[in-house]
């Protein structure tokens with residue numbers, strides 16, 4: 001396995017950019033994690049789905065895709081994306097993320113999200129995304145995801161009925177957000 005530089009690394013996880021070549025390992029883990037992800041999340045589980053999904057993320061100006069890896073082995077533990085990046089006065093993005101089943105419940109995603117926040121809020125001239133605000137839209141019944149963002153300082157900002165089309169229906173979501181520390 002080829003190791004790639006991490007944009008951020010902690011004690012137990014590292015974040016590295018998503019690559020099109022990650023498809024086989026990603027889809028294997030995503031397929032194995034279907035029971036964990038449903039009904040909240042539907043990451044790509046076939047090579048064709050992965051290619052379409054990853055192509056939208058790799059090298060895009062308005063999105064950034066990262067893999068959560070275990071540095072000792074480089075094995076994928078999950079993914080975190082910053083979607084819908086808006087620059088200018090807004091400097092905001094929307095999070096999408098998922099742990100793979102073999103990594104779930106081990107506290108890895110708390111560390112991964114902390115690393116992502118540091119990278120997202122770091123100035124672009126320092127290699128970060130230069131954002132001021134990140135938003136996570138979460139279905140109200142997804143207690144694990146709500147606990148994850150709440151534990152990282154996200155605040156509940158509101159409720160959006162029929163916000164996203166998930167699993168064949170328009171689903172309500174809670175809007176959680178965090179802003180970069182000022183000062």
Test set (1) within 17 Å of the chain's Cα centre (by Cα); (2) at pLDDT 95 or above; (3) farther than 18 Å from residue 114 by Cα - residue 159 fails condition number: (1)
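Look through 23, 10, 59 and report the one residue that is over 11 Å from the mean Cα position of the chain (by Cα) and on the phi > 0 side of the Ramachandran plot. Don't jump to the end; show me each part of the working.
On the way: 23 fails: on the phi > 0 side of the Ramachandran plot; 10 fails: on the phi > 0 side of the Ramachandran plot.
From the options 23, 10, 59, the qualifying one is 59.
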State the number of residues belonging to region 84-98 that are buried (at least 17 other Cβ atoms within 10 Å of the Cβ) and free of Cβ contacts under 8 Å to residues at least 60 places away in the same chain. 8
Anything in region 2-24 that is in a helix (DSSP H, G or I), buried (at least 16 other Cβ atoms within 10 Å of the Cβ) and either without any contact (Cβ under 8 Å) to a residue 24 or more places away in the chain or in contact with a strand residue (DSSP E or B) (Cβ under 8 Å, 6 or more places away or on another chain) (or both)? List them, or say none. 22
Tell me which residues, restricted to region 28-52, are surrounded by fewer than 20 Cβ atoms within 10 Å (Cβ to Cβ) and in a helix (DSSP H, G or I). 28, 31, 32, 34, 35, 36, 37, 47, 48, 49, 51, 52
Take the residues of region 152-174 that are under 24 Å from residue 128 (Cα atoms) and out of contact with any helix residue (DSSP H, G or I) (no Cβ under 6 Å at 6 or more places or on another chain): which is surrounded by the most Cβ atoms within 10 Å (Cβ to Cβ)? 154
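Out of the residues in region 53-74 meeting the condition of being part of a strand (DSSP E or B) and touching a residue at least 60 places away in the same chain (Cβ under 8 Å), tell me which one is nearest to residue 134 (Cα to Cα). Give the steps one after another, and end with the answer.
The initial filter retains those residues of region 53-74 that are part of a strand (DSSP E or B), namely 64-70.
Those left that are additionally touching a residue at least 60 places away in the same chain (Cβ under 8 Å): 64, 69.
On the way: 64: 13, 69: 22 Å.
Top of the filtered list is 64.
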Which numbered condition residue 109 misses (of (1) at pLDDT 95 or above; (2) at negative phi; (3) surrounded by 16 or more Cβ atoms within 10 Å (Cβ to Cβ)): (1)
Restricting the search to region 113-127, which residues are farther than 22 Å from residue 146 by Cβ and without any contact (Cβ under 8 Å) to a residue 40 or more places away in the chain? 122, 123, 124, 125, 126
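The values are calculated or read from the model by the stated rules, or taken from the named source; none is laboratory data. Fair warning: this is a prediction, and the values are worked out from it, not measured in the lab. Cβ: placed from backbone, ideal geometry, glycine included. Neighbour counts: every protein chain shown.
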